[in-house]
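Student: Take this structure, written in structure tokens, and hold onto it; I'll ask about it next.
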Amino acid sequence: MYIYIYLICIYFQLEEGKIYKMAKDAAAVISPESYPMVGGDGDHSYAKNSRYQREVVDAAKEILYEAISNKLDLKSLGLIEASKTFQLADLGCSVGPNTFIAVQNIIEAVELKYQAEAQHHQDPSSALEFQVFFNDHIGNDFNVLFRSLPPSRKYFAAGVPGSFHGRLFSKSSLHVVHSSNALHWLSKVPKDIVDSKSPAWNKESIYCTGYVKEVAEAYAAQFKNDMDSFLNARAQELVPGGLMVIVLPNLPNGVPMSDSSEGKIYDFLGSCLVDIAKMGLIPEEKVESFNFPIYYPTAKEFLGIIERNGSFSIEKMEILSNPAILNMKFSAEFVTSNIRAVFEGIIKEHFGSELVDQIFSHFTKNFAENAFILEDIKDQKKDNSFFLLKRIVN
């Protein structure tokens with residue numbers, strides 16, 4: 001009898017071990033790669049090196065106001081007759097301050113809409129309360145984010161760590177979702193592009209240049225899968241009739257990524273990594289296996305994914321225009337700081353923290369010695385587009 005019980009215990013321990021391993025393996029498959037922006041408030045922090053992203057948020061402000069005024073139906077959402085909390089999420093918030101500006105723009109637009117509609121209500125003096133959820137990967141510097149919250153804000157704030165490629169909120173709990181300069185980040189690097197036996201092996205570059213068909217197809221497939229997951233998650237979290245505002249960097253039709261300003265910078269960074277490998281500081285195989293998990297689609301490509309998903313109607317799409325971006329002053333130091341604020345995490349993970357300073361120092365030096373690149377990158381050949389989606393009422 002005792003032997004029988006003992007054997008049963010051993011069996012369940014073994015099975016439990018198998019179950020744990022299966023769960024661990026499954027988590028490894030579905031867990032997204034996480035390389036958040038540089039935290040803190042130092043010289044290389046995202047907080048101090050995201051002026052370009054700020055200009056994009058500013059460029060979307062007037063279009064955002066118009067979109068919410070015309071497309072947000074507070075009455076059908078039950079926010080006029082009953083006193084409810086308006087719930088808003090910003091996905092890919094990073095550490096600020098741009099997320100606060102975007103959120104404030106949305107709240108001001110909703111308040112104007114509410115005041116216009118509530119004047120016909122029996123209690124026009126009642127005001128909406130706002131709950132804002134700031135989301136980013138678990139490695140994001142939420143301490144800096146919340147230390148930087150505007151003291152005069154008109155909303156309650158909460159942090160929601162996790163990947164926006166999956167569910168983050170309860171069903172039908174959000175009225176508006178916003179995401180700016182974030183959805184071009186993939187959940188992972190496509191596996192085929194780091195496989196030396198695959199025709200999609202991206203040995204010669206660190207991103208999707210757009211020139212190698214198999215590489216482009218692998219990146220595009222990963223983007224589609226990620227966007228399907230993203231849209232399916234938001235379709236459950238948004239109330240029917242709720243809005244989703246997306247500001248996304250995208251390529252014009254027929255323009256390969258390598259012709260864009262970012263592409264030229266990434267090419268230059270890739271050449272610097274090759275130089276450092278030739279110095280014997282890192283193995284060539286390390287450079288050959290290094291790729292950014294980012295993909296810039298065309299607007300048509302992105303809209304096609306939304307249409308096929310079927311959960312959202314496309315209410316508006318507009319290319320943003322902002323002369324301030326074109327008039328920004330570029331220098332080798334400026335470009336390095338901006339690139340480092342975004343990509344330091346992934347470079348540190350792949351090449352080791354001890355080489356980060358040397359990699360970016362080499363990048364700055366070489367960039368400064370090739371002044372023609374500074375002029376070349378001003379011709380962006382890349383768009384930032386505004387998309388307004390509405391959750392379809394089933």
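The values are calculated or read from the model by the stated rules, or taken from the named source; none is laboratory data. Treat the numbers as computed from the prediction; the structure is a model and nothing was measured. We place every Cβ from the backbone using ideal geometry, glycine too, and count neighbours over all the protein chains shown. Just the protein is used for accessible areas: all its heavy atoms, side chains included, with ligands, DNA and RNA removed. Shrake-Rupley method; radii C 1.70, N 1.55, O 1.52, S 1.80 Å.
Student: Can you tell me which of (1) assigned to a helix (DSSP H, G or I); (2) touching a His at 6+ places or on another chain (Cβ under 8 Å) is the one residue 239 doesn't meet?
Tutor: Of everything listed in (1) assigned to a helix (DSSP H, G or I); (2) touching a His at 6+ places or on another chain (Cβ under 8 Å), residue 239 misses just condition (1).
Student: In region 336-343, is there at least one residue being open to solvent by less than 20 Å² (accessible area, probe 1.4 Å) and closer than 26 Å to residue 198 by Cβ?
Tutor: yes
Student: Give the residue that is least open to solvent (accessible area, probe 1.4 Å), with candidates limited to residues of region 59-74 that are under 30 Å from residue 35 (Cβ atoms) and touching a helix residue (DSSP H, G or I) at 6+ places or on another chain (Cβ under 7 Å).
Tutor: For region 59-74, the residue satisfying everything is 64.
Student: Could you list all residues from region 190-219 that are surrounded by fewer than 22 Cβ atoms within 10 Å (Cβ to Cβ) and assigned to a helix (DSSP H, G or I)?
Tutor: If the condition is that a residue be surrounded by fewer than 22 Cβ atoms within 10 Å (Cβ to Cβ) and assigned to a helix (DSSP H, G or I), then 191, 192, 194, 213, 214, 216, 217 are the ones that fit.
Student: Against the definition (crowded, with 20+ Cβ neighbours inside 10 Å, farther than 25 Å from residue 217 by Cα and in contact (Cβ under 8 Å) with a residue 40 or more places away in the chain), how does residue 294 come out, yes or no?
Tutor: Values: crowded, with 20+ Cβ neighbours inside 10 Å: yes; farther than 25 Å from residue 217 by Cα: no; in contact (Cβ under 8 Å) with a residue 40 or more places away in the chain: yes.
No.
Student: Okay, next question. Looking at (1) free of Cβ contacts under 8 Å to residues at least 12 places away in the same chain; (2) part of a helix (DSSP H, G or I), which one does residue 264 not meet, given that it meets all the others?
Tutor: (1)
Student: To continue, here is another question. What number of residues within region 233-266 are acidic (Asp, Glu) and either closer than 18 Å to residue 320 by Cβ or at pLDDT 95 or above (or both)?
Tutor: Final tally of qualifying residues: 2.
Student: Out of all the residues in region 277-291, which are open to solvent by 80 Å² or more (accessible area, probe 1.4 Å) and either outside any helix (DSSP H, G or I) or hydroxyl-bearing (Ser, Thr, Tyr) (or both)?
Tutor: 279
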